[in-house]
Amino acid sequence: MKYPIIVVAAFFLLLQNLAHAQTRPEFRVSRAEAPTIDGDLSDPVWDDDPLVLSDWLSYNPLYGTPMPHRTEVHIVHDERNIYFAFHCYDNEAERIRTTISRRDSVFNDDWVGLSLDSNGSGQTAYHLFVNPSGVQMDALNTSSSGERFEADLVWDSAGKRTDDGYTVEIKLPLQSIRFQSGHEVRMGILFWRRISRTGMSFAWPDLPPGQWVFNRHAQLIFSDLKQPRLLELLPSATYSISQLRATTGNWNSAAGKSDIGLSAKYGITSSITLDATVNPDFSQVESDAFQVQVNQRYPIFFSEKRPFFMEGMGLFNLAGTGGDGNMITAFHTRKIIDPSWGSKLTGTAGKFTFGVLNASDATPQDIGNRGAAIEGENKIFNVGRLTYGLGESNYLGAIFTDSEHAGRHNRVAGGDMSIRFKRRHQFSATFLTSETGVNSTEGTVGAVYDRADGTAEQVSYFFSDRKYAFGTQIEHYGNGFQMDTAFYNRSGFTSGWGYGEINFYPKNTNQSALKRVNLFTWNKYGRDQIQDGNERFSLIGIRVNFTRQGFLRVDQAWGREPWRGERFNNSRTRTQGSVQIFRWLSLNGNFNNGWSTYYNSEDPFQGRTKSGGVGFTLQPNQHMNQSASYNRVRFNRASDGQHIYTVHIVNLRSTYQFNKRFLVRAIEQFDSSRRRVLIDLLASYEFVPGTVFHAGYGSLFERLDTPEYLATNRGLFFKASYLHRF
């Protein structure tokens, strides 16, 4: 009898996971009185002995070096929270780096944290990090998307410097995580710690190359743990005043606009949650950094920053996307520009994890330039995702997306899989099929014209250990493939690439400033049906890691790309690096020189490009942060040296953080190609994620028909929201 290969693979994976589960350390978590979360470990609840842990080993930038300082960990819980306490010893406590800064922005500091797989499924984990000042960083880690830092959990933390290091306390509400209630609840746990002055990160259990948290989690066991009922309401109110320039010397009258919205979250069961929002405020408080947008073959990707969409978005990604692949994400929520309502159902049932999202966009993009035919018509988005966990990040998945807009529809269905064999070998595959059609607005009602069908496929394999790593991917996107919800570069091509690297380490990594030397190569070959030509790209390079978070990369590439039936040289040389010079100053820079293409559909030509950038982050004290970056791109015609364009981009950001909750921030940005200067001022108070108050001022300066830059748009805005948990 012949069995499908996937069934056989799943069976062996199950045996492998069962064998490994028997060797994982286990800790029973006791009930206790709630401690005061102030960073002081003098509460009686922490008097018991800490967890018995073996050596913490480094995992970045190299693996296997024992951590030179002791770390003690305590865990207790009550009916509503799990509490963690860390005592991070350090023989050079005066060299610990810590800042008071906004959330998710202190990874260059010393920090300690944990990875918690609350469902014990090996598919989703909450990552929580805290620096010695108590500032939080958090991420949702999924088997298909890795760490995503967009979403912010509701939890509490505090830190305190001590003579022998620092201490941290964490309170994690059970309402903030998903798990199935029971008499014996098992959760996966892993701890990590970073020592900034050496640039080394450590973990317990250890994280060997090619493995990740789901392969290494220890077990926490809770007796009679129940999920408290989850019901949240999040009302929000916004008010803005904007003013446009009428003439060089006059402004139009100021226009005010107010809006009220409501979002809600309800726990249908202990592991299934429904989110809904009506008339939400989906405006972005944080401005996108300016990027070079001149002569770009592919669209520029900007990350999502709106809270409703950020939470749980990792579930909707597919295996093999992101990285060096064509598709960055299968569901890019920034394509939903101005939703009037939205709903999201997410949860787990046994080994199944699922998510369904629906939204209505009041101001969608005009796909196909249909003009008046879509005026005033909302666009409906429907996305469904289902995965079946095979343990330790292995899974089978399915996805369906649908967009409906004024007689046009786009529907995509497919599946994916990601499997690790012996933990260091990873195989993934994705298959998608799409159908796109437009109903005629003339003649017979319901007639369909300009219909397009297509498929997309990718298969990839990766291997990694301490000395070597290599991988390969083959992908194909048919000419007729379209996916409205996704962010991807192009259709109509087939390509494959391969990557390989070898690592060298000094004999005494604790004493040496040099941490790792990495030699690598990347080679790609493909056929572009749309541009009617073959493409190839070969690269060799070296990466070097130093102490003080130092990094240097130099590489040389040779390649050709087709464009409008011609072949163009895209060979180039690139150098980039960064270093934390002092605790208060970090520097980074890059330089590129090579051939490039002028992507004009009518008259493309070969060019030469020189580009580069420099940046720094200045932290003179715990409260003040100043970052600046400058990028320049110069493009000349290759045949005669004629100068075509030069673009200058400047991004400045100044932040003063009074405490963990209150900050004032100023952003100044300049783009010479668009002749724009943006000034953005913000005062922000965040009690917890969801309960926030923002007040801001923005002004856009443009150079139109005069040599001077004039303010063409200015405005004030106020936003307040309040998260209430019942």
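The values are calculated or read from the model by the stated rules, or taken from the named source; none is laboratory data. Here the structure is a predicted model, which means the values were calculated and not measured. Glycine gets a Cβ as well: all are built from the backbone with ideal geometry, and neighbour counts include every protein chain shown.
If you go through segment 494-509 and keep only what is assigned to a strand (DSSP E or B) and surrounded by 14 or more Cβ atoms within 10 Å (Cβ to Cβ), you end up with Thr494, Ser495, Gly496, Trp497, Gly498, Tyr499, Gly500, Glu501, Asn503.
Which members of segment 463-488 meet the condition of being part of a loop (DSSP other than H, G, I, E, B) and within 16 Å of Ser434 (Cα to Cα)? Reasoning before the result, please.
So the first thing to find is which residues in segment 463-488 are part of a loop (DSSP other than H, G, I, E, B), and the list is 465-467, 478-486.
The answer is Gly478, Asn479, Gly480, Phe481, Gln482, Met483, Asp484, Thr485, Ala486.
When residues in segment 68-98 are screened for being closer than 30 Å to Asp465 by Cβ, in contact (Cβ under 8 Å) with a residue 24 or more places away in the chain and surrounded by fewer than 19 Cβ atoms within 10 Å (Cβ to Cβ), 2 of them pass. Considering the conditions (1) over 25 Å from Met67 (Cα atoms); (2) at pLDDT 90 or above; (3) surrounded by 22 or more Cβ atoms within 10 Å (Cβ to Cβ), Leu140 is excluded by exactly one of them, (2). Filtering Gln606, Gln619 for residues that are on the phi < 0 side of the Ramachandran plot and surrounded by fewer than 18 Cβ atoms within 10 Å (Cβ to Cβ) leaves a single hit, Gln606.
Among the residues in segment 546-563, are any touching a Pro at 6+ places or on another chain (Cβ under 7 Å), part of a strand (DSSP E or B), among the polar types (S, T, N, Q) and in contact (Cβ under 8 Å) with a residue 12 or more places away in the chain? Steps first, answer last, please.
Step one: list which residues in segment 546-563 are touching a Pro at 6+ places or on another chain (Cβ under 7 Å), which gives 563.
Pick out the ones that are also part of a strand (DSSP E or B) and you get 563.
Next, only the ones that are among the polar types (S, T, N, Q) stay: none.
Within segment 546-563, none of the residues are touching a Pro at 6+ places or on another chain (Cβ under 7 Å), part of a strand (DSSP E or B), among the polar types (S, T, N, Q) and in contact (Cβ under 8 Å) with a residue 12 or more places away in the chain.
Look through Trp111, Trp155 and report the one residue that is crowded, with 21+ Cβ neighbours inside 10 Å and either among the aliphatic types (A, V, I, L, M) or free of Cβ contacts under 8 Å to residues at least 60 places away in the same chain (or both).
Values: Trp111 fails: either among the aliphatic types (A, V, I, L, M) or free of Cβ contacts under 8 Å to residues at least 60 places away in the same chain (or both).
Within the list Trp111, Trp155, the selection yields Trp155.
Return the total of residues in segment 392-415 being of a type in the set (Asp, Glu) and either modelled with pLDDT under 95 or touching a Cys at 6+ places or on another chain (Cβ under 8 Å) (or both). Break it down into steps so the answer makes sense when it comes.
Here is the first cut: in segment 392-415, the ones of a type in the set (Asp, Glu) are 392, 402, 404.
Applying the additional criterion that residues be either modelled with pLDDT under 95 or touching a Cys at 6+ places or on another chain (Cβ under 8 Å) (or both) yields 392, 404.
Of the residues in that region, 2 qualify.
Taking Ser673 as the residue in question, decide whether it is in a strand (DSSP E or B), hydroxyl-bearing (Ser, Thr, Tyr) and in contact (Cβ under 8 Å) with a residue 24 or more places away in the chain. No: the conditions fail for Ser673. Here the condition is being at pLDDT 90 or above, exposed (fewer than 15 other Cβ atoms within 10 Å of the Cβ) and under 28 Å from Met137 (Cα atoms); of Phe726, Phe662, it holds for Phe662 alone.
Considering Ser512, Ser491, Ser538, the condition of being among the hydroxyl-bearing types (Ser, Thr, Tyr), outside any strand (DSSP E or B) and surrounded by fewer than 20 Cβ atoms within 10 Å (Cβ to Cβ) is satisfied by Ser512 alone.
Within segment 506-527, residues that are in contact (Cβ under 8 Å) with a residue 60 or more places away in the chain and of a type outside the set (Ser, Thr, Tyr) sit with their Cβ atoms under 8 Å from residues that are in a strand (DSSP E or B) and exposed (fewer than 13 other Cβ atoms within 10 Å of the Cβ), at 6+ positions apart or across chains, in these pairs: Arg516/Phe504.
As a summary of the residue check, Asp224 satisfies the conditions (1) assigned to a strand (DSSP E or B); (2) touching a His at 6+ places or on another chain (Cβ under 8 Å); (3) modelled with pLDDT under 90 except for the one numbered (3). Of the listed requirements (1) farther than 30 Å from Phe470 by Cβ; (2) at pLDDT 90 or above; (3) surrounded by fewer than 22 Cβ atoms within 10 Å (Cβ to Cβ); (4) not aliphatic (A, V, I, L, M), Tyr388 misses just one: (1).
For every residue, the table says whether it meets (1) at pLDDT 90 or above; (2) outside any loop (DSSP other than H, G, I, E, B); (3) crowded, with 21+ Cβ neighbours inside 10 Å.
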residue: Ser283; (1), (2), (3): no, no, no
residue: Glu286; (1), (2), (3): no, no, no
residue: Ser340; (1), (2), (3): no, yes, no
residue: Lys344; (1), (2), (3): yes, yes, yes
residue: Thr348; (1), (2), (3): no, yes, yes
residue: Val356; (1), (2), (3): yes, yes, no
residue: Ala359; (1), (2), (3): yes, yes, yes
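Of the residues making up segment 515-535, just one is among the acidic types (Asp, Glu) and outside any strand (DSSP E or B), namely Asp532. Testing Glu535 on (1) within 27 Å of the chain's Cα centre (by Cα); (2) touching a residue at least 40 places away in the same chain (Cβ under 8 Å), one condition comes back false. Which one is that? Looking at each condition in turn, Glu535 falls short on (1). Against the condition in contact (Cβ under 8 Å) with a residue 40 or more places away in the chain and in a strand (DSSP E or B), how does Thr706 come out, does it pass? No, not satisfied.
Within segment 64-75, not a single residue is among the small types (Gly, Ala, Ser) and closer than 30 Å to Phe179 by Cα.
Of the residues that make up segment 183-192, is at least one among the aliphatic types (A, V, I, L, M), under 30 Å from Trp584 (Cβ atoms) and either touching a strand residue (DSSP E or B) at 6+ places or on another chain (Cβ under 7 Å) or assigned to a strand (DSSP E or B) (or both)? Don't jump to the end; show me each part of the working.
As a first pass, look at segment 183-192 and keep what is among the aliphatic types (A, V, I, L, M): 185, 187, 189-190.
Narrowing the set further to residues that are under 30 Å from Trp584 (Cβ atoms) leaves none.
No, there is no match, as no residue in segment 183-192 is among the aliphatic types (A, V, I, L, M), under 30 Å from Trp584 (Cβ atoms) and either touching a strand residue (DSSP E or B) at 6+ places or on another chain (Cβ under 7 Å) or assigned to a strand (DSSP E or B) (or both).
When residues in segment 600-621 are screened for being under 15 Å from Val633 (Cα atoms) and not in a strand (DSSP E or B), 0 of them pass. If you go through segment 633-652 and keep only what is touching a Ser or Thr at 6+ places or on another chain (Cβ under 6 Å) and closer than 16 Å to Asn590 by Cα, you end up with Val633, Arg634, Val647, His648, Asn651. Just one of the numbered conditions (1) among the small types (Gly, Ala, Ser); (2) surrounded by 16 or more Cβ atoms within 10 Å (Cβ to Cβ); (3) assigned to a strand (DSSP E or B) is not true of Ala711: (2).
Residue-level check: of (1) buried (at least 18 other Cβ atoms within 10 Å of the Cβ); (2) farther than 21 Å from Pro689 by Cβ; (3) among the polar types (S, T, N, Q), Thr124 misses just (2).
The set of residues in segment 92-118 that are closer than 18 Å to Glu147 by Cβ and either over 22 Å from the mean Cα position of the chain (by Cα) or β-branched (Val, Ile, Thr) (or both) comprises Val106, Val112.
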